[in-house]
1. Here are ASN69, ASN10: which of them is under 23 Å from the mean Cα position of the chain (by Cα), within 15 Å of the ligand (Cβ to nearest atom) and open to solvent by 40 Å² or more (accessible area, probe 1.4 Å)?
2. Between a first residue in segment 1-13 that is without any contact (Cβ under 8 Å) to a residue 40 or more places away in the chain and more than 15 Å from LEU154 (Cβ to Cβ) and a second residue that is within 7 Å of the ligand (Cβ to nearest atom) and open to solvent by 10 Å² or more (accessible area, probe 1.4 Å), which pairs have beta carbons less than 7 Å apart while being 6 or more apart in sequence or on different chains?
3. Would you please name the residue that is most open to solvent (accessible area, probe 1.4 Å), looking only at residues in segment 16-36 that are more than 9 Å from the ligand (Cβ to nearest atom) and in a helix (DSSP H, G or I)?
4. Could you check segment 104-118 and list, in sequence order, the residues that are within 14 Å of the chain's Cα centre (by Cα) and either within 16 Å of the ligand (Cβ to nearest atom) or not assigned by TED's automatic domain parsing to the domain that holds HIS165 (or both)?
5. Return yes or no: is ARG345 within 16 Å of the ligand (Cβ to nearest atom) and open to solvent by 50 Å² or more (accessible area, probe 1.4 Å)?
6. Quick one: what pairs do we get from segment 139-161, first residue farther than 21 Å from SER64 by Cβ, second outside any strand (DSSP E or B) and β-branched (Val, Ile, Thr), C-beta under 7 Å, 6+ apart or different chains?
7. Would you point out the residue of segment 164-222, among those that are hydroxyl-bearing (Ser, Thr, Tyr), open to solvent by 10 Å² or more (accessible area, probe 1.4 Å) and out of contact with any helix residue (DSSP H, G or I) (no Cβ under 8 Å at 6 or more places or on another chain), that is nearest to ASN290 (Cα to Cα)?
8. Just checking, does segment 74-93 include any residue being more than 14 Å from the ligand (Cβ to nearest atom) and in contact with a helix residue (DSSP H, G or I) (Cβ under 6 Å, 6 or more places away or on another chain)?
Amino acid sequence: MHILICGGGNAAHTLAGILASRPDNHINVFLSFPEEAERWKQGLALGGGMCVRNRESELLGYPSLISSNPQDAAAHAQMVLLALPAYAHEAVLCQLASHLEPGTWIGALPARGAFDLCAREALGKLAERCVIFGLQTLPWACRIEVFGQSVLVLGAKSQVDLAAHPTHQAAAISHTLTHLLDLQVTPIANFLSLTLAGTGQLIHPGIMYGLFHTWSGEPLEEAPLFYQGVDAFTANVLQTMSDEVQAVRAALQESFPMLDLSAVRPLDQWLHLSYGRDLHDTSSLQAAFNTNRSYQGLRAPVRQSEGGLEPDFQARYLSEDVPYALIATRGIAELAGVPTPQIDRVLTWAQQRLGHEYLIDGKLQGKDIAASRAPQRYGITTLDQLIHSEETESHGQKK
Ligand code: NAD
């Protein structure tokens, strides 16, 4: 298969190595920055390919082409994989749009919120003639070891959900990716589920809020443990945010009984499904976070300031998960008329720390909505429009 990987970071290193190690694939890598493309070429030449290592094994793959020219990179692409932070999705899709053929599968991993709306706007007319898909999470925790040469996979999810537009294509793409990536990719009913089900949007801003909402500006002695630092207060914040998303799901299903939102799981269910035996104590949400082997030792983002260490509020836990995920869910809640007081408390605090403006007087009407993934940003102002933006199939029938 001809596959185009977009991006040059941890996720792109992992995908390039895994996919190029299969002799039946042709892998091109598109990097928007020419200097980064040069570093990839040099690294690959020095290392003899991209090595992907985990605790038990390693494999080696050599992509066919590394390029910062969108036309060259996109040639013959049957599938495009955006392995990028969400803030780069739109720009990269705009660079590629005029070079992709109708019928191409175009997806992001992870998709974050409302990736379908973002991609359809960026791709223009091509959007209705290709397939857009997204994975709920990146399947791996991975870190570059040597740039352009090797990457370490610290952990892999046992299964990942995938949604597509048009929705009926999700099964074929999931089947292909399950085979190519050697992990279970499960098709789910629609992108709306993927947006609401994103758990990073709850966990990352929720724990940042729990850890730092009372921070007075005093230097920190060290970076606090992130997941193991979840105390009873933070666990309650996370549980309440998750309950609010479930209330949105219930309201949507009340209005649209045929809409399948079964993939929008409560946080504790998602933890069990994703981490299984890595959770040593599941007696409470707090215990599940504190004892998850995959989360052990991970610390909150901090940075050095003049006075010492301080929380890094520009790190992705807020700068990616708020505008490109939680704001999309909050926008859907607003369309559904479901109050979300805990999510609003977290957002009000986070927007101030980010220096952004989303919620004003309890409504999504701040100036930074224009650069977010809220459905309202794409001109969607009613639930009917939102549901029918997915597809006008039977699931969208109103009660
Ligand atoms: P990364 O920081 O390693 O990737 C950065 C790369 O993205 C850059 O090297 C560049 O190639 C590209 N990029 C950045 N800004 C760009 C722009 N404006 N235009 C074009 N390209 C740009 O990120 P990553 O670790 O590969 O993660 C990718 C996504 O996966 C992120 O959303 C991240 O939150 C998510 N994720 C990563 C992990 C992990 O273990 N690495 C785990 C879970 C989720």
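The values are calculated or read from the model by the stated rules, or taken from the named source; none is laboratory data. It should be emphasised that the depicted structure is a prediction, and the values quoted were computed from it without experimental measurement. Glycine also receives a Cβ, built like all others from the backbone with ideal geometry; neighbour counts cover every protein chain displayed. Note: accessible area is taken over every heavy atom of the protein model, side chains too, but ligands, DNA and RNA are not part of it. Shrake-Rupley method; radii C 1.70, N 1.55, O 1.52, S 1.80 Å.
1. On the way: ASN69 fails: under 23 Å from the mean Cα position of the chain (by Cα).
The match here is ASN10.
2. Pairs that qualify, where the first residue is without any contact (Cβ under 8 Å) to a residue 40 or more places away in the chain and more than 15 Å from LEU154 (Cβ to Cβ) and the partner is within 7 Å of the ligand (Cβ to nearest atom) and open to solvent by 10 Å² or more (accessible area, probe 1.4 Å), are GLY8/GLU36.
3. GLU35
4. Step one: of segment 104-118, the residues within 14 Å of the chain's Cα centre (by Cα) are 107-116, 118.
Result: GLY107, ALA108, LEU109, PRO110, ALA111, ARG112, GLY113, ALA114, PHE115, CYS118.
5. Values: within 16 Å of the ligand (Cβ to nearest atom): no; open to solvent by 50 Å² or more (accessible area, probe 1.4 Å): yes.
Here the answer is no, as ARG345 does not meet what is asked.
6. Once the first residue is farther than 21 Å from SER64 by Cβ and sits in segment 139-161, its partners that are outside any strand (DSSP E or B) and β-branched (Val, Ile, Thr) give TRP140/THR14; CYS142/THR14; VAL153/THR14; LYS157/THR137; VAL160/THR137; ASP161/ILE188.
7. Within segment 164-222, the match that is nearest to ASN290 (Cα to Cα) is THR214.
8. The first filter runs over segment 74-93 and keeps only residues more than 14 Å from the ligand (Cβ to nearest atom), leaving 74-79.
Then drop every residue that is not in contact with a helix residue (DSSP H, G or I) (Cβ under 6 Å, 6 or more places away or on another chain), which leaves 74.
Yes - at least one qualifying residue is present in segment 74-93.
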